[in-house]
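Reading through the structure tokens given below for one structure.
The values are calculated or read from the model by the stated rules, or taken from the named source; none is laboratory data. Just so it is clear, the model here is predicted, and its values are computed rather than measured. Using ideal geometry, Cβ is built from the backbone for each residue, glycine included, and neighbour counts are taken over all protein chains shown. The area values use the complete protein model at the heavy-atom level, side chains included, leaving out ligands, DNA and RNA. Shrake-Rupley method; radii C 1.70, N 1.55, O 1.52, S 1.80 Å.
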Amino acid sequence: MPDPGTPSDPTRVLALLWGPQTKTGRSGLSVKTIVRAAITLADQHGIEAVSMRRVANHLSVGTMSLYTHVPGKPELTELMIDTVYGELYSDLKQPSHQNGWREGLTHVAETHWAMLHRHPWLLDIPTTRPVLGPNGTRKYDADLQVLDGIGLTDVEMDAALTLVLTHVEGSARLAINQTRERRDSGVTDEEWWTVNAPLLEQVMDARRFPVASRVGQAAGAAHGAAVNPDLTFRFGLTCLLDGLGVLLEGRRQA
């Protein structure tokens, strides 16, 4: 039986990602069926809850029958990610720069933001090396199209997209951690702030920390919490797009 911690075999992974995933075996299982079951478990309980045994239990089959289709969890995880990427623009308009690169890149950011909220376990998987599947490749191509021909080099297009998606992931991580903390503590952000804000005023000397005191109180009063992830996402995206716009305008004038 494969070790769950063993790195995936690139040749086998690519064959699984790009091959037919609906073909059923003697057990009636298919790669697609197994992957969908794993995604359901991850959506409900997190990626740590996904194992070959638990997926098999979810499907009411023996664990060994899964290994006929998928070698182990590393390969299964890559299949899960690529499958989720396939949902990204399935029921939404594909991003386009028909109405300008700014609107197109905003659409890219918003659809990724929504995807991470539907599947928060994606944030718990290191993704500095992309999943090289058909859906991930299609997503990358569609995302890049909004930047094509606007005045960036190919390397800059990749960097601009990475910058925006990194901001989306950071903001989504903040939002999801906030939701988890509310759930685990049983205390809402408003309740937490109502209790802690007066106590903080008593112990923190505003003369020693004048800016932190002023800004912290203003933000806390505005958010009713320590942070507002949605505001962070929107404000940060605006700043990124404004900066890219300044760069492009400077090149046009030159």
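In whole percent, how big is the carbon plus sulfur part of the accessible area of the range 1-158, probe 1.4 Å, protein atoms only?
53 percent
In deg cm²/dmol and to the nearest 500, what is the mean residue ellipticity at 222 nm of the chain if only DSSP H runs of at least 4 residues count, each as -39500 (n - 2.57), divided by the residue total?
The per-residue figure over the chain is -21500 deg cm²/dmol.
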Taking only the alpha-carbon atoms of the range 1-137, what semi-axes of the equivalent ellipsoid follow from 5 times the gyration tensor eigenvalues under a square root, in whole Å, largest first? 29, 15, 14
Beyond 23 Å, the calculated P(r) of the range 141-254 holds a percent of Cα-Cα pairs equal to 51 percent
With 5 Å bins from 0: P(r) over the range 206-248, alpha-carbon pairs, percent: 5, 20, 16, 17, 16, 12, 9, 4, 0
Calc'd 3J(HN,Hα), the range 27-36, phi into Karplus 6.51 cos²θ - 1.76 cosθ + 1.60 (θ = phi - 60°), Hz, glycine/Pro = x, comes to 7, x, 8, 9, 4, 4, 4, 5, 5, 4
Kirkwood-based shape ratio for the range 43-122, expressed as Rg/Rh from alpha carbons: 1.13
Using a Förster distance of 30 Å, the FRET efficiency for V211-T179 (Cβ separation, nearest 0.05): 0.55
Under a point spin-label approximation (7 Å from Cα along Cα-to-Cβ), what is the L248-Y67 distance to one decimal in nm? 5.3 nm
In whole Hz and in residue order, list the ³J(HN,Hα) couplings for the range 215-222 that follow from phi through the Karplus curve 6.51 cos²θ - 1.76 cosθ + 1.60, θ = phi - 60°; x for Gly and Pro. 5, x, 5, 5, 5, x, 5, 6
With viscosity set to 1.306 mPa s at 10 °C, what whole-number translational diffusion coefficient in µm²/s follows for the range 163-222 from Stokes-Einstein and a Kirkwood radius over Cα pairs? 117 µm²/s
Between A226 and R26, the FRET efficiency computed from the C-beta separation at R0 = 45 Å comes out, to the nearest 0.05, as 0.25
Using 1/(1 + (r/R0)^6) with R0 = 22 angstrom and r between the beta carbons of A218 and E169, what's the FRET efficiency to the nearest 0.05? 0.20
In the Gaussian network model of the chain, springs joining C-alpha atoms below 10 Å, which of L123, L200, L14 carries the largest mean-square fluctuation? L200
Once you compute Rg and the Kirkwood Rh from C-alpha atoms, what is the Rg to Rh ratio for the chain? 1.06
Highest mean first, how do 136-144, 234-242 rank when packing is the count of other Cβ atoms within 10 Å averaged over residues? 136-144, 234-242
Return the sequence-ordered ³J(HN,Hα) values of the range 206-214 in whole Hz as given by the Karplus equation 6.51 cos²θ - 1.76 cosθ + 1.60 applied to θ = phi - 60°, using x for Gly and Pro. 5, 6, 7, 10, x, 6, 4, 5, 5
Under 12 Å by backbone N from the virtual spin label 7 Å along Cα-to-Cβ at T127, the residues of the range 177-216 are none
Calculate the all-directions average of the projected area of the range 76-126's alpha-carbon convex hull, and give it in nm². 3.9 nm²
Taking only protein heavy atoms and a 1.4 Å probe, what accessible area per residue, in Å², does the chain have with all protein chains in place? 58 Å²
Any idea which of H119, H107, V146 is furthest toward the positive side of the dipole for the range 106-163, if Lys and Arg beta-carbons carry +1 and Asp and Glu beta-carbons -1? H119
Mind checking the full-extension length gain between E87 and R138? Use 0.36 nm per residue of separation minus the Cα-Cα distance, one decimal, nm. 17.3 nm
If you build the convex hull over the alpha carbons only and average its shadow over all orientations, what do you get for the range 111-189? Give it in nm² to one decimal. 6.3 nm²
